[in-house]
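In what follows, a structure is listed as structure tokens, so that the remarks can point back to it.
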Amino acid sequence: ERGDAIGGCVHDGVDENGVKPTEGSVETELFEGSGAGRNLVVRLDFNTDNKEKWFMDGEPSSKKKVKEKMASMNIQVDNPLQFLPQDKVGAFSNMSPVALLKETERAIGPDVCAQHEELVVADKELKSMKQSAAGEEKSLVELEKQNEVLYADVERWNKYQANLKELERCEGKKLWLAYDAERGEYDRLNDEWKSKKADMKEAEAEKKALTDKVLPLKERVASAKRSLASSTESVKKNEAEMAAAVERSEKEDDAAEEAKAGLHKVDKALKKLTDTVGELERRIEGDEEELRIEEQKVSVAYGGDVAAAKKAAAAEEQAAVKSKLEQSKVAAAQQAAADKAAA
């Protein structure tokens, strides 16, 4: 029989002694209700007058404290004498699967229901994220396609930039090679110029040495020619004097022998003088040949003014020859005078 008063829970009838009971009790042991490893024992004593006495672990307590303890342990049983009231059983049968799951979770514990709500929210967020991911993936595919097109453009651009850099490098290398070639040509020409300059100095020194050597020869040739001319005139004059002496000797019989002797001496002096002139002529010819060879060397090597040097050398040589002829002439005249005075 259904009733709302606790006294209605006392057993109806009589016990084995024929006595009708007026009191009853319910004891429930809760797992680890008093802490880890300690179960909590809750006891309710009641009677037919609907009076209640609550105990926890044998200690008197109140209904309020027992409910608070059960609430802390997620126990939702209002009536300790029944597992689930009939009205709630009827309500359960009319619930939808979702509501039934929620109530079942609520009966298990608030944390389970809260976790379920979090899962529902997370599932909605997951669906939203999946939809967003699908959109993002679609966008990604489109962007990848665009990127492939842009990648080809970027590759062409990078290749173009690389070609520009390579072109700049080649242009710089080209200028450097041109400079290096010009520098090499400049160094070669500079070395050649220095070599030619040294050769020129050496040639000028050689030219000066040859010129210094030729000038005395030219002077000797010129002097020899002058001496030859003077000697020729002296010879002619001596021949005239000799002819006069011969003529005088023919007229003077007394002095014939002496004249002959003087004539003999004059002939010897004339012969000596003639020999000297011949020697001088041979020397002049040798000097002229040597001079001609030296002039050819100078003319071939340097194209110098040979005529002026030749003239100066000939004049000097002629003067020397002339001096010798004069000395010979004076000596011959002195000898002839001495011979004549002796005769």
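The values are calculated or read from the model by the stated rules, or taken from the named source; none is laboratory data. What you see is a predicted model; the values in this text were computed from it and never measured. Methodologically, a virtual Cβ is constructed for each residue, glycine included, from the backbone with ideal geometry; neighbour enumeration extends over all protein chains shown. Calculation scope for accessible area: heavy atoms of the full protein, side chains included, ligands and nucleic acids excluded. Shrake-Rupley method; radii C 1.70, N 1.55, O 1.52, S 1.80 Å.
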At a probe radius of 1.4 Å, what is the per-residue accessible area of Tyr186, in Å² to the nearest 10?
120 Å²
Within the accessible area of the stretch 148-241, what % is carbon and sulfur when the probe is 1.4 Å and the other protein chains stay in place?
58 percent
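Assign one of three labels to the stretch 157-242, namely rounded, prolate or oblate, based on the Cα gyration tensor with a ≥ b ≥ c the square roots of its eigenvalues; rounded applies when a/c is under 1.5, prolate when it is not and a/b is larger than b/c, and oblate otherwise.
Note, shape of the stretch 157-242 comes out prolate.
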Here FRET efficiency (C-beta to C-beta, Glu166 to Asp187, R₀ 30 Å, nearest 0.05) is 0.45
Note to self: with every protein chain in place and a 1.4 Å probe, the stretch 145-198 gives an accessible area per residue in Å² of 95 Å²
Can you send over the solvent-accessible area of Thr276, 1.4 Å probe, protein chains only, in Å² to the nearest 10?
50 Å²
If I ignore ligands, DNA and RNA and count only protein heavy atoms, how much of Arg169 is accessible to a 1.4 Å probe, in Å² to the nearest 10?
130 Å²
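Between Val330 and Ala198, what length in nm is gained on full extension when 0.36 nm per residue of separation is reduced by their alpha carbon distance? Can you show the working numbers first?
Working: separation 132, 0.36 × 132 = 47.52 nm, distance 5.50 nm.
Length difference between fully extended and current span is 42.0 nm.
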Could you pull out every residue, at least 5 positions away or on a different chain, whose amide H is within less than 5 Å of the one on Ser34? Hs are placed 1.01 Å off N in the peptide plane, and Pro or chain starts have none.
Asn39, Leu40
Going from most exposed to least, what order do Val41, Val149 have by accessible area with a 1.4 Å probe?
Val149, Val41
Which entries in Lys213/Lys271; Lys218/Lys272; Lys69/Lys102; Lys237/Lys271; Lys102/Lys124 show an alpha-carbon gap greater than 25 Å?
Lys213/Lys271; Lys218/Lys272
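Let me check something: with ligands and nucleic acids excluded, how do His116, His11 order by accessible area (1.4 Å probe), largest to smallest?
Numbers: His116 40, His11 130 Å².
So, going from the largest accessible area down, we get His11, His116.
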Assuming R0 = 25 Å, can you tell me the calculated FRET efficiency for the pair Lys237 and Glu285, based on Cβ-Cβ distance, to the nearest 0.05?
0.50
With every protein chain kept in place and a 1.4 Å probe, the residues Ile293, Ile284 fall, from largest accessible area down, as Ile293, Ile284
